[in-house]
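For reference, the structure discussed in these notes is given below.
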Amino acid sequence: MTSEAVSAASAGTWLLGDTQVNRIGFGAMRLTGSAAFHLGAPGPRDRALEVLRRAVELGVNHIDTAAFYFSQLRSANELINSALSPYPDGLVIATKVGPARDSSGEWSDSARPDQLRGQVEENLRQLGRDHLDLVYLRLMGQDSLAEHFGALAELRDAGLIRHLGVSAIRPHHLAEALAIAPVVSVQNRYGIDAREDGDLLRECGAQGIAFVPFFSIAGKGGDVGATGAEDRTVLRIARAHGASPAQVRLAWTLRQGPHVLPIPGTGNPDHLEQNLAAGALRLTDEESALLSGGRTE
């Protein structure tokens, strides 16, 4: 498929909190390096800034980031601030708190509830904002989120946060969070090769909550990126549409519900346009069923 007249609006919109966003957003993690977090070398800084500005030009108004998205040479939040501030109206910048990394990039224990304000303020400083549009509590295996989510709800009441979300959760966590404060979005891994959270995705749809899948085009590579090996069904369908496997994966993900808001990330301007063009790719029911069945031919 061609990328002529590419627009993030081609996949439709969703009301995220109180802002209408185009369904294909942008994940900023990969701007810090070629793979996850401090692994891999980042591309040129100017190109990262170009990708962010081009994304907004093409209609992306939902960007996902975190203060812990950094490498030795790059900080996702700093890049976003440098590229896009002063921020355009209608742009939702979502960030995450909970996990902690030291200055060398090593993971430490997750933040305690009383440390979350410091993480929120760190994101505010790095992004150059006086409030955060959407903050996810990113779990790291905890059985209960009540204390942590309650601390974020207090920061929302104080005006530092507008909307709350939860990430890397199990189904019981959503009910636990909703008993404390409104949840506008759930962010979990989901894609053709990772469909364990299908029930959670559907529950979010039933409750009008956005479901934001990460690694939806990475395939089995997950946080280190696509491995290059592709399922034959994905390849066959891609050839039939003149599309890339990544575009087929995104198109399938978008078909899972109007509340599904994928956030593919890239440091390559051409890949950015290809990802957004996937919003116009319409799979047939048969193709979607083949992909959902995980069958190869």
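A few points about this structure:
- The helix-only estimate of mean residue ellipticity at 222 nm for the chain, built from DSSP H runs of length n ≥ 4 each weighted as -39500 (n - 2.57), is -10000 deg cm²/dmol after division by the residue total.
- Neighbour-count ranking [beta-carbon atoms within 10 angstrom, fewest first] of 117, 282: 282, 117
- DSSP assigns beta bridges within the range 14-161; of those with both partners inside it, close to 40 percent run antiparallel.
- The distance separating the Cα centre of the range 81-104 from that of the range 126-140 comes to 7 Å.
- Leading residue at positive end of dipole, the range 130-218 (Cβ point charges), from 137, 169, 201: 201
- Student exercise, the chain dipole from Lys, Arg, Asp, Glu Cβ charges, in Debye to nearest 20: 500
- In this simple spin-label model, placing a label point 7 Å from the Cα along the Cα-to-Cβ direction at both residue 53 and residue 108 gives a separation of 3.6 nm.
- Computed on the range 104-181, with alpha-carbon pairs under 8 angstrom and 6+ residues apart, the relative contact order is 33 percent.
- The dipole here belongs to the range 144-297: it is taken about the Cα centre, uses +1 on the Cβ of Lys and Arg and -1 on the Cβ of Asp and Glu, and is about 280 debye.
- Rounded to the nearest 20, the Cβ-based charge dipole of the range 1-114 about its Cα centre (Lys and Arg +1, Asp and Glu -1) stands at 200 debye.
- Ranking 187, 93, 251 by Cα position along the charge dipole of the chain, where only Lys, Arg, Asp and Glu carry charges on their C-beta atoms, puts 251 farthest toward the positive end.
Where a number appears in this text, it was derived from the coordinates with a stated rule and is not lab data. What you see is a predicted model, and the numbers here were worked out from it, not measured in a lab. As a convention, Cβ positions derive from the backbone with ideal geometry for all residues, glycine included, and neighbour counts pool all protein chains shown.
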